[in-house]
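The values are calculated or read from the model by the stated rules, or taken from the named source; none is laboratory data. Since this is a predicted model, take the numbers as computed values, not measurements. Note: ideal-geometry Cβ built from the backbone for every residue, glycine included; neighbour counts use all protein chains shown. Keep in mind that these areas ignore ligands, DNA and RNA; they rest on the heavy atoms of the full protein, side chains included. Shrake-Rupley method; radii C 1.70, N 1.55, O 1.52, S 1.80 Å.
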Amino acid sequence: MIKKHKLALILTSLVTLIPILVGLLLWDKLPEQVPCHWDIHGQVDGWSGKTQAVFLMPLLMLAMHWICVLAATADPKSKQYHPKSIQLVLWICPILNLVLNTMVYATALGYGVDVELIMSLLMGVLFIFVGNLLPKMQQSYTMGIKLPWTLHNEENWNKTHRLGGKVWVIGGIIILSTALWGNFLVLMATTLLMVLIPVVYSYCLYRKQTQNKGGA
(Lines give C-alpha, C1' and ligand atoms only; values in the text may rest on other atoms or scores of the structure.)
Protein backbone atom coordinates (compact mmCIF):
# COMPACT_ATOMS: atom_id res chain seq x y z
CA MET A 1 0.00 0.00 0.00
CA ILE A 2 2.81 2.42 0.89
CA LYS A 3 4.67 1.86 -2.40
CA LYS A 4 1.49 2.05 -4.44
CA HIS A 5 0.33 5.26 -2.76
CA LYS A 6 3.74 6.79 -2.02
CA LEU A 7 2.96 10.15 -3.63
CA ALA A 8 -0.39 10.39 -1.83
CA LEU A 9 1.32 9.57 1.47
CA ILE A 10 3.93 12.28 0.90
CA LEU A 11 1.22 14.78 -0.03
CA THR A 12 -0.95 13.98 2.99
CA SER A 13 2.08 14.16 5.29
CA LEU A 14 2.92 17.63 3.95
CA VAL A 15 -0.71 18.72 4.39
CA THR A 16 -0.54 17.54 8.01
CA LEU A 17 2.43 19.84 8.58
CA ILE A 18 0.79 22.95 7.04
CA PRO A 19 -0.32 24.24 10.49
CA ILE A 20 3.36 24.54 11.48
CA LEU A 21 3.98 26.92 8.57
CA VAL A 22 0.82 28.86 9.40
CA GLY A 23 1.86 29.02 13.06
CA LEU A 24 5.28 30.41 12.13
CA LEU A 25 3.64 33.08 9.96
CA LEU A 26 1.35 34.02 12.86
CA TRP A 27 4.04 33.61 15.53
CA ASP A 28 4.25 37.27 16.57
CA LYS A 29 0.47 37.58 16.75
CA LEU A 30 -0.17 34.43 18.78
CA PRO A 31 -0.33 34.78 22.59
CA GLU A 32 2.06 32.78 24.75
CA GLN A 33 -0.82 30.61 25.96
CA VAL A 34 -2.92 29.03 23.22
CA PRO A 35 -6.24 27.16 23.68
CA CYS A 36 -5.92 23.41 23.15
CA HIS A 37 -9.11 21.89 24.59
CA TRP A 38 -12.83 22.70 24.75
CA ASP A 39 -15.55 21.34 27.05
CA ILE A 40 -18.88 19.88 25.92
CA HIS A 41 -20.34 23.40 25.76
CA GLY A 42 -17.63 24.62 23.39
CA GLN A 43 -15.83 26.66 26.05
CA VAL A 44 -12.05 26.63 26.30
CA ASP A 45 -10.94 24.64 29.35
CA GLY A 46 -7.34 23.79 28.46
CA TRP A 47 -4.31 25.82 27.40
CA SER A 48 -0.82 25.04 26.10
CA GLY A 49 2.32 27.00 25.30
CA LYS A 50 2.65 28.58 21.86
CA THR A 51 5.61 26.39 20.91
CA GLN A 52 3.75 23.23 21.88
CA ALA A 53 0.65 24.26 19.92
CA VAL A 54 2.53 25.22 16.75
CA PHE A 55 4.98 22.32 16.60
CA LEU A 56 3.95 19.45 18.87
CA MET A 57 0.29 19.08 17.88
CA PRO A 58 0.93 18.74 14.11
CA LEU A 59 3.89 16.40 14.71
CA LEU A 60 1.78 14.17 16.95
CA MET A 61 -0.93 14.10 14.29
CA LEU A 62 1.69 13.25 11.66
CA ALA A 63 2.84 10.33 13.83
CA MET A 64 -0.77 9.17 14.20
CA HIS A 65 -1.21 9.50 10.44
CA TRP A 66 1.73 7.18 9.78
CA ILE A 67 0.62 4.72 12.46
CA CYS A 68 -2.79 4.44 10.77
CA VAL A 69 -1.21 3.91 7.36
CA LEU A 70 1.29 1.34 8.65
CA ALA A 71 -1.44 -0.52 10.54
CA ALA A 72 -3.56 -0.69 7.40
CA THR A 73 -0.56 -1.85 5.40
CA ALA A 74 0.25 -4.61 7.90
CA ASP A 75 -3.25 -6.07 7.57
CA PRO A 76 -2.93 -9.43 5.74
CA LYS A 77 -6.20 -8.63 3.98
CA SER A 78 -5.09 -5.17 2.82
CA LYS A 79 -5.35 -6.20 -0.86
CA GLN A 80 -9.13 -6.41 -0.39
CA TYR A 81 -9.47 -2.76 0.63
CA HIS A 82 -11.96 -0.69 -1.31
CA PRO A 83 -10.17 2.28 -3.00
CA LYS A 84 -12.24 4.77 -0.99
CA SER A 85 -11.17 3.02 2.23
CA ILE A 86 -7.56 3.75 1.35
CA GLN A 87 -8.39 7.39 0.69
CA LEU A 88 -10.09 7.57 4.08
CA VAL A 89 -6.97 6.23 5.81
CA LEU A 90 -4.76 8.66 3.92
CA TRP A 91 -6.82 11.80 4.49
CA ILE A 92 -8.62 11.45 7.84
CA CYS A 93 -5.71 12.66 10.01
CA PRO A 94 -4.58 15.53 7.73
CA ILE A 95 -8.12 16.93 7.42
CA LEU A 96 -8.81 16.57 11.13
CA ASN A 97 -5.49 18.25 11.91
CA LEU A 98 -6.28 21.21 9.64
CA VAL A 99 -9.69 21.71 11.24
CA LEU A 100 -8.39 21.44 14.81
CA ASN A 101 -5.44 23.75 14.27
CA THR A 102 -7.63 26.29 12.48
CA MET A 103 -9.88 26.36 15.56
CA VAL A 104 -6.83 26.71 17.84
CA TYR A 105 -5.30 29.62 15.92
CA ALA A 106 -8.61 31.39 15.33
CA THR A 107 -9.55 31.19 19.01
CA ALA A 108 -6.07 32.30 20.10
CA LEU A 109 -6.35 35.37 17.84
CA GLY A 110 -9.70 36.33 19.35
CA TYR A 111 -12.04 35.21 16.59
CA GLY A 112 -15.34 33.71 17.65
CA VAL A 113 -15.28 29.98 16.95
CA ASP A 114 -18.39 27.84 17.36
CA VAL A 115 -16.66 24.58 18.22
CA GLU A 116 -19.90 22.61 18.65
CA LEU A 117 -21.12 23.66 15.20
CA ILE A 118 -17.81 22.91 13.48
CA MET A 119 -17.39 19.51 15.11
CA SER A 120 -21.02 18.56 14.42
CA LEU A 121 -20.65 19.46 10.75
CA LEU A 122 -17.34 17.62 10.50
CA MET A 123 -18.61 14.48 12.23
CA GLY A 124 -21.89 14.50 10.30
CA VAL A 125 -20.13 14.61 6.94
CA LEU A 126 -17.62 11.97 8.06
CA PHE A 127 -20.36 9.60 9.26
CA ILE A 128 -22.28 9.91 5.99
CA PHE A 129 -19.12 9.20 4.00
CA VAL A 130 -18.22 6.17 6.12
CA GLY A 131 -21.83 4.99 6.07
CA ASN A 132 -21.80 4.90 2.28
CA LEU A 133 -18.48 3.06 2.40
CA LEU A 134 -19.33 0.37 4.98
CA PRO A 135 -21.41 -1.93 2.71
CA LYS A 136 -18.53 -1.96 0.19
CA MET A 137 -15.88 -3.04 2.70
CA GLN A 138 -14.47 -6.54 2.57
CA GLN A 139 -13.37 -8.41 5.69
CA SER A 140 -10.22 -6.94 7.25
CA TYR A 141 -8.62 -6.50 10.65
CA THR A 142 -8.17 -2.72 10.48
CA MET A 143 -11.26 -1.27 8.74
CA GLY A 144 -14.94 -1.78 9.30
CA ILE A 145 -17.00 -3.19 12.15
CA LYS A 146 -14.39 -5.56 13.55
CA LEU A 147 -16.15 -7.99 15.91
CA PRO A 148 -15.38 -11.67 16.59
CA TRP A 149 -18.57 -12.62 14.74
CA THR A 150 -17.99 -10.44 11.68
CA LEU A 151 -14.33 -11.44 11.32
CA HIS A 152 -15.04 -15.17 11.39
CA ASN A 153 -18.21 -15.22 9.32
CA GLU A 154 -18.45 -13.48 5.96
CA GLU A 155 -22.26 -13.49 5.92
CA ASN A 156 -22.31 -11.83 9.34
CA TRP A 157 -19.77 -9.25 8.11
CA ASN A 158 -21.78 -8.41 4.99
CA LYS A 159 -25.16 -8.14 6.71
CA THR A 160 -23.76 -6.15 9.64
CA HIS A 161 -22.04 -3.69 7.29
CA ARG A 162 -25.14 -3.25 5.15
CA LEU A 163 -27.15 -2.35 8.24
CA GLY A 164 -24.29 -0.33 9.69
CA GLY A 165 -24.04 1.69 6.51
CA LYS A 166 -27.70 2.70 6.70
CA VAL A 167 -27.45 3.51 10.41
CA TRP A 168 -24.33 5.65 9.94
CA VAL A 169 -25.82 7.60 7.03
CA ILE A 170 -28.99 8.28 9.02
CA GLY A 171 -26.90 9.21 12.07
CA GLY A 172 -24.79 11.59 9.99
CA ILE A 173 -27.91 13.27 8.60
CA ILE A 174 -29.35 13.67 12.11
CA ILE A 175 -26.12 15.25 13.35
CA LEU A 176 -25.98 17.63 10.37
CA SER A 177 -29.64 18.60 10.70
CA THR A 178 -29.22 19.42 14.41
CA ALA A 179 -25.79 21.09 14.09
CA LEU A 180 -27.22 24.60 14.39
CA TRP A 181 -28.71 23.70 17.77
CA GLY A 182 -25.19 23.39 19.10
CA ASN A 183 -26.20 20.43 21.28
CA PHE A 184 -23.21 18.21 22.08
CA LEU A 185 -25.49 15.65 23.73
CA VAL A 186 -27.25 15.00 20.41
CA LEU A 187 -23.90 14.26 18.82
CA MET A 188 -22.86 11.89 21.62
CA ALA A 189 -26.22 10.09 21.85
CA THR A 190 -26.45 9.63 18.07
CA THR A 191 -22.86 8.36 17.89
CA LEU A 192 -23.52 5.90 20.70
CA LEU A 193 -26.56 4.48 18.91
CA MET A 194 -24.60 4.26 15.66
CA VAL A 195 -22.09 2.04 17.43
CA LEU A 196 -24.51 -0.06 19.49
CA ILE A 197 -27.09 -0.90 16.82
CA PRO A 198 -24.69 -2.74 14.43
CA VAL A 199 -22.95 -4.48 17.37
CA VAL A 200 -26.20 -5.77 18.84
CA TYR A 201 -27.47 -6.79 15.40
CA SER A 202 -24.23 -8.65 14.64
CA TYR A 203 -24.39 -10.54 17.94
CA CYS A 204 -28.05 -11.49 17.45
CA LEU A 205 -27.25 -12.70 13.95
CA TYR A 206 -24.36 -14.73 15.33
CA ARG A 207 -26.63 -16.36 17.94
CA LYS A 208 -29.21 -17.17 15.26
CA GLN A 209 -26.56 -18.70 12.98
CA THR A 210 -25.15 -20.73 15.87
CA GLN A 211 -28.59 -22.06 16.83
CA ASN A 212 -29.33 -23.00 13.22
CA LYS A 213 -26.07 -24.95 12.99
CA GLY A 214 -26.76 -26.64 16.31
CA GLY A 215 -30.22 -27.69 15.21
CA ALA A 216 -29.08 -28.92 11.83
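All of (1) in contact with a Leu (Cβ under 9 Å, 6 or more places away or on another chain); (2) open to solvent by 60 Å² or more (accessible area, probe 1.4 Å) hold for Q138 with one exception: (1).
Entry remark, the range 148-167: residues being open to solvent by 10 Å² or more (accessible area, probe 1.4 Å) and either in contact with a Lys or Arg (Cβ under 7 Å, 6 or more places away or on another chain) or within 11 Å of V199 (Cα to Cα) (or both) number 3 in total. May I ask you to verify whether Y105 is among the hydroxyl-bearing types (S, T, Y) and open to solvent by 30 Å² or more (accessible area, probe 1.4 Å)? Considered against the rule, which asks whether it is among the hydroxyl-bearing types (S, T, Y) and open to solvent by 30 Å² or more (accessible area, probe 1.4 Å), Y105 comes out as no.
The C-beta contact set for the range 196-214 (first residue polar (S, T, N, Q), second residue outside any helix (DSSP H, G or I) and surrounded by 11 or more Cβ atoms within 10 Å (Cβ to Cβ), distance under 8 angstrom, 6+ apart or interchain) comprises S202/I145; S202/L147; Q209/N153. If you go through the range 11-55 and keep only what is modelled with pLDDT of 90 or more, open to solvent by 30 Å² or more (accessible area, probe 1.4 Å) and under 20 Å from the mean Cα position of the chain (by Cα), you end up with L11, L14, L17, I18. Annotation for the range 166-180: at least one member residue is among the charged types (D, E, K, R), at pLDDT 95 or above and within 18 Å of the chain's Cα centre (by Cα).
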